[in-house]
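Participant: One structure, pasted below without further comment.
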Amino acid sequence: MVKINRRQFIILSAAGAGTALVANQLGKRTIASQPLPQSSANLAPLYQSSDGLLELDLEARERPVNLGGRQAYLLTYNGQIPAPRLEAKPGDKVRLHFTNNLSQPTNLHYHGLHIPPTGSADNVFLRINPGEKFNYEFNIAQNQPAGTFWYHPHLHGLVAEQLFGGLAGLFIVRGELDEIPEIKAAQEEFLVLQDFSLDERGRRFSSMHMSLMMGREGDVITVNGQVNPRFSLPAKGLLRLRILNASTSRFYRLTLEEHSFYQIAIDGNALNEPIEVRELLLTPGQRADVLVKGDQESGQYRLLNLPYDRGSMGMMGGRGMMSRNDRDLPIALATVNYKSSVESLPLPTKLASISALPEPQTVRRFELNHGMSPSVGMAFLINSETYSGDRLNTQVQLNAVEDWEITNTGVMDHPFHIHVNSFQVISRNGQPESLPAWRDTVLVRRGETVRIRIWFRDFTGKTVYHCHILDHEDLGMMGNLMINA
Ligand code: C2O
Ligand code: CU
Ligand code: CU
């Protein structure tokens, strides 16, 4: 049952309505439309490498935190929501002394980094039990492009639950893109988007109460652990927003009132030149770096999340009327304030030069769908198979260039993600992709076929690809990928 607080009760009585259903809608509406801007937006602590080394202790633990002004019992790294931001440079060594003080096994994945999938690097097959410690150690390659990457748990079966509990943080690689004078001069802000579902005492609901088929979504949306924080934009200047969708299942369709976004990077990786967009669609796992020009009248502008329909399984999805209403509302995620003006700053022109990959040696096909699996019940499938730990679904040769044609024959959208190597989108439904970009997660909408090209570079070993709606991943929409020497 949803408890009605006093203010909502007054609103309810005034409206003369009295059912729990309406109460819940009003509750959601209150969250959606009441901006409570807070003063400062970047409170997460930061760990930067020095003398070529990024070294820190990282502890996963459940604890009470302040989430948007209320107490919440969440899963944290070092007690922080979002987790501490890590920053390194190409060529650095990373040493992370990890302690698992959760009540479940866990591990760490470094989403988007080009590092080995084995040993003590980006190894999602590690299982670190409660009370255990593990030392992660890896080198960031000299040719690792700068970008917005991130880390989160990746133990199959528990990924959605642990991420939804709050375990996610940025991993920034500083490099060439950051040295472009116009970008360097921009005011830089990080936006980690997370959603939570809490009872009135601030406790997380158990997974049993979530619509896992649809992919769990929470009604409290936070940016850097805050509800509607404020960011300042220097008049005539540039604001660089580095946005991560760290939600388990929620898609964000972002727009900033009266402003365009000039996108400079996708999934952390620089584009050839900025492209102007009014809206940004970010699926779980995806990142966008954008510049905003302070060229409007001084004032406050809301960063809005617009509704997006990612499909549903009808009754089976377990989404009632209320969630549908909720989805129809634009929600203010943050507020951008004009502040003191600066010397007028131009946009950068050239950002990177992305070369096309050579023709593929192999073309593979992947079909995303869901269905009944004898052992699991309702399951999410790739090529009719649900994930099994020891099956090698796909084997590739080191240095091969391959095209993967991913078709979604289901009724929900699936963002497809591959570990270790990023890829280029070649076509969507047979239409060539016009924007050259390196990505690690691509949206395959229901009914679509997306062709990507991938070059398996530098590292051999076993890793995974999966849907980044992490409930779908946990329910089987994942495959093992073996990169052979
Ligand atoms: Cu961010 Cu395998 O995922
Ligand atoms: Cu990943
Ligand atoms: Cu999916």
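Participant: Residues that are among the hydrophobic types (A, V, I, L, M, F, W, C), at least 3 per element: which strands (runs of 3 or more DSSP E) completely within the range 386-462 meet that? Reasoning before the result, please.
Facilitator: Details: elements: 394-397, 401-408, 414-418, 423-428, 441-444, 449-455.
Output list reads 401-408, 423-428, 441-444, 449-455.
Participant: Within the range 37-53, is even one residue in a strand (DSSP E or B), within 16 Å of ligand 1 (Cβ to nearest atom) and either among the β-branched types (V, I, T) or modelled with pLDDT of 95 or more (or both)? Working first, answer last.
Facilitator: Applying the first criterion (in a strand (DSSP E or B)) to the range 37-53 yields 38, 46-48, 50, 53.
Remaining after also requiring within 16 Å of ligand 1 (Cβ to nearest atom): none.
No, every residue in the range 37-53 fails to be in a strand (DSSP E or B), within 16 Å of ligand 1 (Cβ to nearest atom) and either among the β-branched types (V, I, T) or modelled with pLDDT of 95 or more (or both).
Participant: Let me ask you something else. Of the conditions (1) touching a helix residue (DSSP H, G or I) at 6+ places or on another chain (Cβ under 6 Å); (2) within 16 Å of ligand 1 (Cβ to nearest atom), M213 fails just one. Which one is it?
Facilitator: (2)
Participant: Taking the range 429-453, which residues are within 25 Å of F125 (Cβ to Cβ) and more than 14 Å from ligand 2 (Cβ to nearest atom)?
Facilitator: Initially, the range 429-453 is screened for residues within 25 Å of F125 (Cβ to Cβ), giving 439-442, 452.
The one that is within 25 Å of F125 (Cβ to Cβ) and more than 14 Å from ligand 2 (Cβ to nearest atom): I452.
Participant: Out of the residues in the range 446-485 meeting the condition of being in contact with a strand residue (DSSP E or B) (Cβ under 6 Å, 6 or more places away or on another chain) and among the acidic types (D, E), tell me which one is farthest from ligand 1 (Cβ to nearest atom).
Facilitator: E448
Participant: Follow-up question, since we're still on this one. Take the residues of the range 83-113 that are within 16 Å of ligand 1 (Cβ to nearest atom) and in a loop (DSSP other than H, G, I, E, B): which is surrounded by the most Cβ atoms within 10 Å (Cβ to Cβ)? It would help to see each step written out before you state the result.
Facilitator: From the range 83-113, those within 16 Å of ligand 1 (Cβ to nearest atom) are 83, 86, 106-113; that's our starting set.
So of that shortlist, the ones also in a loop (DSSP other than H, G, I, E, B) come out as 83, 107-108, 112-113.
Values: A83: 27, N107: 24, L108: 25, G112: 31, L113: 26.
So the residue we want is G112.
Participant: Any residue at all in the range 60-76 that is at pLDDT below 95 and basic (K, R)?
Facilitator: Yes - at least one qualifying residue is present in the range 60-76.
Participant: For D390, indicate whether it is more than 15 Å from ligand 1 (Cβ to nearest atom) and at pLDDT below 95.
Facilitator: The answer is yes for D390.
Participant: State the number of residues belonging to the range 114-140 that are among the hydroxyl-bearing types (S, T, Y), within 16 Å of ligand 2 (Cβ to nearest atom) and in a loop (DSSP other than H, G, I, E, B). Break it down stepwise before answering.
Facilitator: Of all residues in the range 114-140, those among the hydroxyl-bearing types (S, T, Y) come to 118, 120, 136.
Okay, now just the ones that are also within 16 Å of ligand 2 (Cβ to nearest atom), so 118, 136.
Imposing the further condition that a residue be in a loop (DSSP other than H, G, I, E, B) reduces the set to 118.
Of the residues in the range 114-140, 1 are among the hydroxyl-bearing types (S, T, Y), within 16 Å of ligand 2 (Cβ to nearest atom) and in a loop (DSSP other than H, G, I, E, B).
Participant: Tally up the residues in the range 159-194 that are surrounded by 20 or more Cβ atoms within 10 Å (Cβ to Cβ) and in a strand (DSSP E or B), please. Can you show your working first?
Facilitator: First pass over the range 159-194, keeping only residues surrounded by 20 or more Cβ atoms within 10 Å (Cβ to Cβ): 159-173, 177, 183, 186, 189-194.
Cutting the leftovers down to in a strand (DSSP E or B) gives us 169-173, 189-194.
Of the residues in the range 159-194, 11 are surrounded by 20 or more Cβ atoms within 10 Å (Cβ to Cβ) and in a strand (DSSP E or B).
Participant: Evaluate the following for L239: is it away from ligand 3 (no atom under 16 Å from the Cβ), in a loop (DSSP other than H, G, I, E, B) and buried (at least 17 other Cβ atoms within 10 Å of the Cβ)?
Facilitator: Numbers: away from ligand 3 (no atom under 16 Å from the Cβ): yes; in a loop (DSSP other than H, G, I, E, B): no; buried (at least 17 other Cβ atoms within 10 Å of the Cβ): yes.
No.
Participant: Here's a follow-up. Inside the range 248-288, can you point out the residues that are of a type in the set (S, T, N, Q), surrounded by fewer than 22 Cβ atoms within 10 Å (Cβ to Cβ) and either touching a helix residue (DSSP H, G or I) at 6+ places or on another chain (Cβ under 6 Å) or closer than 25 Å to P90 by Cβ (or both)?
Facilitator: Start the filter on the range 248-288 by keeping residues that are of a type in the set (S, T, N, Q), which leaves 248-249, 255, 260, 263, 269, 272, 283, 286.
When the remaining residues are screened for being surrounded by fewer than 22 Cβ atoms within 10 Å (Cβ to Cβ), the result is 255, 260, 263, 272.
Across the range 248-288, the qualifying residues are Q263, N272.
The values are calculated or read from the model by the stated rules, or taken from the named source; none is laboratory data. Computed from a predicted structure; not experimentally measured. FYI the Cβ positions are ideal-geometry reconstructions off the backbone, even for glycines, and counts take in every protein chain you see.
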